[in-house]
Amino acid sequence: MENAIEYRGLFRAALDAADRAYAPYSKFRVGAALLLPDGSIVTGVNVENRSYGLTNCAERSAIYAAVSSGVREFTALAIATPDAEYPVSPCGACRQVISEFMAGSIPVIFGSSETDLVHTTVSKLFPFDALHELSDR
């Protein structure tokens, strides 16, 4: 993927964010970092709740924070799962929200460490995205 080196800093921001996750039940911290067109970064973390259905993922936390601030354009997304032994991709709910706010060409980087990363795009994560298919009509 082009600009892989450029996204290392974005992944580090996600990794740093993971340190602020609230994951007392799963012990599985996740951090997400959104790159905005102006170069700034919005981060999010997973926030668990003992009623597990009320837990919010890092990806959605970052997107919701950005949207709450009036931002709806994103350049890239990085997701860090430092407690995993391998790169863990976004869950289905996060993929749905990601596709709501990001074009299929947006780069997505996820991994468990800076040396174990997957570089992909929104459309590769969510290949049959009806929202974008319908908006093309």
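Every number here is computed from the coordinates shown, using simple stated rules; none is lab data. No experiment lies behind these values; they were computed from the predicted model shown. Using ideal geometry, Cβ is built from the backbone for each residue, glycine included, and neighbour counts are taken over all protein chains shown.
Looking only at segment 87-122, which residues are touching an Asp or Glu at 6+ places or on another chain (Cβ under 7 Å), in a helix (DSSP H, G or I) and not aliphatic (A, V, I, L, M)?
Cys94, Ser99
Check segment 36-57 and report whether any residue there is without any contact (Cβ under 8 Å) to a residue 40 or more places away in the chain, crowded, with 21+ Cβ neighbours inside 10 Å, among the charged types (D, E, K, R) and not in a strand (DSSP E or B).
no
Select from segment 58-107 the residues that are of a type in the set (A, V, I, L, M), under 16 Å from Ala13 (Cα atoms) and crowded, with 19+ Cβ neighbours inside 10 Å and list them in ascending order.
Ala58, Ala62, Ile63, Ala66, Ala76, Leu77, Ala78, Ile79, Ala80
Would you check if there is a residue in segment 17-30 being in contact with a strand residue (DSSP E or B) (Cβ under 7 Å, 6 or more places away or on another chain), within 29 Å of Ala130 (Cα to Cα) and free of Cβ contacts under 8 Å to residues at least 60 places away in the same chain?
yes
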